[in-house]
Amino acid sequence: MCVDLLSEVVAGSAAWLGRGLSCVCAQGRDSDARPSFDLTPAQEDCLERLQNRIDVAYDSSIPHHQEALKDLWKLAFPEKELHGVVSNQWKEMGWQGKDPSTDFRGGGFISLENLLYFARKFPKSFQDLLRKQVGDRSVWEYPFAVAGINITFMLIQMLDLEAVKPRSIVGETFLRFLSVNESAFDLLYCIAFKLMDQQWLSMRASYMEFNTVMKSTRRQLEREIMVEDITRLEDLPSYSLLSQ
């Protein structure tokens, strides 16, 4: 499922549509491809659990899903009371409308879990990105929450997680990380989000360049993951961008 960046300027502001921001579905380069490889039992188990998470759609009728969304609000804006799971307040976090459930189609429930993990594990970095507190920002910034869903989607594609088993060196290497850290996908998400924002700033990007920024972020992550002496995600150079 690709998500298109629709560049519509209304009264001088960008309109971001609920399918997401941009298509980051580019196929891996031929140099990344490799013959099929066998998974260890531990890798098979970890991959299956992660794929089960990916398969869960966000469903606003499920109390647990509603509570998770409310928890995200509390972590993002602890000083503000949320008036409801459907509220114009959600736009402050970068959702497109008053009902965030309409924005989850590209990422599913795992994209909400990723945001929650980020907010809990790296609260300062989460707040910096949410409130755009670092760097010389663009006049037309990317919306935080919808960008987060796109990052989840990009990682699923990059790591080939919807296949029976990864068909690339990047995907195989990630499974090694996952077999020793079951939160590896959530942690990589945090790294990717922070790296994307750094790329956004270094490229002096605006909303029309979001797709370019995402592709650049993906290429950088692939390069770092494929470095031979990297044995865990904390060793990636971009991990240092995160602050507790």
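The values are calculated or read from the model by the stated rules, or taken from the named source; none is laboratory data. Predicted, not measured: the structure shown is a model, and the values here were computed from it. Note that we place each Cβ from the backbone using ideal geometry, even for glycine, and neighbour counts take in every protein chain shown. Each accessible area value is taken on the protein alone, full model and side chains, heavy atoms only, with ligands, DNA and RNA left out. Shrake-Rupley method; radii C 1.70, N 1.55, O 1.52, S 1.80 Å.
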Handout entry: Unmet criterion (only one of (1) open to solvent by less than 10 Å² (accessible area, probe 1.4 Å); (2) in contact with a Cys (Cβ under 9 Å, 6 or more places away or on another chain); (3) farther than 28 Å from Ala42 by Cα) for Met154
Key = (3)
Handout entry: Residues of region 196-244 satisfying the condition of being part of a loop (DSSP other than H, G, I, E, B), without any contact (Cβ under 8 Å) to a residue 60 or more places away in the chain and not aliphatic (A, V, I, L, M)
Key = Glu228, Asp229, Thr231, Arg232
Fill in the blank from the handout: Within region 96-121, restricting to residues that are aromatic (Phe, Trp, Tyr) and at pLDDT 95 or above, the one that is farthest from Phe193 (Cα to Cα) is Phe109
Exercise for the section: List the helices (runs of 4 or more DSSP H) that sit entirely inside region 123-195 and contain at least 3 residues that are more than 24 Å from Phe37 (Cβ to Cβ). Expected result: 123-130, 144-158
Completion exercise
Inside region 49-70, the number of residues satisfying the requirement of being over 30 Å from Val180 (Cβ atoms) and among the aliphatic types (A, V, I, L, M) is 2
Exercise for the section: Looking at (1) among the small types (Gly, Ala, Ser); (2) more than 20 Å from Phe118 (Cα to Cα); (3) open to solvent by 60 Å² or more (accessible area, probe 1.4 Å), find the lone condition where Ser240 falls short. Expected result: (2)
Handout entry: Failed criterion for Leu17 (all others in (1) modelled with pLDDT of 95 or more; (2) open to solvent by less than 80 Å² (accessible area, probe 1.4 Å) hold)
Key = (1)
Completion exercise
Over region 214-226, the set of residues under 16 Å from the mean Cα position of the chain (by Cα), open to solvent by 30 Å² or more (accessible area, probe 1.4 Å) and of a type in the set (D, E, K, R) is Lys215, Arg219
Practice task
Could you check, for region 32-46, whether at least one of its residues is farther than 25 Å from Met93 by Cβ, at pLDDT 50 or above, among the small types (Gly, Ala, Ser) and outside any loop (DSSP other than H, G, I, E, B)?
Solution key: yes
Completion exercise
Inside region 65-103, the number of residues satisfying the requirement of being surrounded by fewer than 16 Cβ atoms within 10 Å (Cβ to Cβ), over 13 Å from Ala145 (Cα atoms) and touching a Pro at 6+ places or on another chain (Cβ under 9 Å) is 1
Practice task
Give the number of residues within region 190-213 that are open to solvent by less than 20 Å² (accessible area, probe 1.4 Å) and either more than 22 Å from Lys121 (Cβ to Cβ) or among the hydroxyl-bearing types (Ser, Thr, Tyr) (or both).
Solution key: 4
